[in-house]
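The values are calculated or read from the model by the stated rules, or taken from the named source; none is laboratory data. Computed from a predicted structure; not experimentally measured. Reconstructed Cβ throughout: ideal geometry from the backbone, glycine too, with neighbour counts over all protein chains shown.
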Amino acid sequence: MNADLFHVKNLVDVTAATLTLERYIWSTMPFATSLTKGKLSHACEPDTPIASICSLHTNVGLYVESILKQPELTLLAKYFLAAQETITTGRLVGLLADISKKPIEYMQVTEADYEKLWSMWNIEVAIQMKLWELAKDQSWTKRGVNILKEEDLNIEGSVGLREVLEGADMSIVL
């Protein structure tokens, strides 16, 4: 059994054995290999959409609180897309240039160069980026499942990407 499946099985077993458990919120990514039909590489096009939670400090708490307070909408194996906004990789580069006031260009790189840039996380990041490139607006769907979004739960006060980036120390990456 691969490590991911072993981990999932352990979580399910513990959850099932916890009689006092009322709610379990699972955080995961879409199953990339099935959505991309095995087509994975390291480069992605500038129109590749990225769904972002944006502010981990603020938005995660708002999302969990909203899920717990609205069981009529969220109980019984519902899916929630924890994304404050979706932006393409090309628009993200433009946003970074705007905020930093520095010229930034979008470049696609070879697989070898990508691995050098991302070191130990290159495979995971590459798979996710390729998934988003190939699946586009279907990246966060599941057949027969209505995916709940921020607006479905009437979440207010979440922090967007521009605000997060404007408050970040960009000197470490630019």
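Here are the numbers for this structure:
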| quantity | calculated |
| --- | --- |
| Single unsatisfied condition, residue 54 versus (1) under 19 Å from residue 159 (Cα atoms); (2) touching a residue at least 60 places away in the same chain (Cβ under 8 Å); (3) outside any loop (DSSP other than H, G, I, E, B) | (3) |
| Residue in the stretch 132-144 that is closer than 14 Å to residue 83 by Cα, in a helix (DSSP H, G or I) and out of contact with any helix residue (DSSP H, G or I) (no Cβ under 9 Å at 6 or more places or on another chain) present | yes |
| Test: residue in the stretch 63-77 that is at pLDDT 90 or above, within 25 Å of residue 161 (Cα to Cα) and within 17 Å of the chain's Cα centre (by Cα) | yes |
| Within the stretch 119-135, tally of residues that are more than 13 Å from the chain's Cα centre (by Cα) and exposed (fewer than 15 other Cβ atoms within 10 Å of the Cβ) | 4 |
| Residue list for the stretch 145-171, restricted to those being in a helix (DSSP H, G or I) and of a type in the set (Lys, Arg) | 162 |
| Selection from the stretch 80-99 of residues that are assigned to a strand (DSSP E or B) and surrounded by 16 or more Cβ atoms within 10 Å (Cβ to Cβ) | 80, 86, 87, 88 |
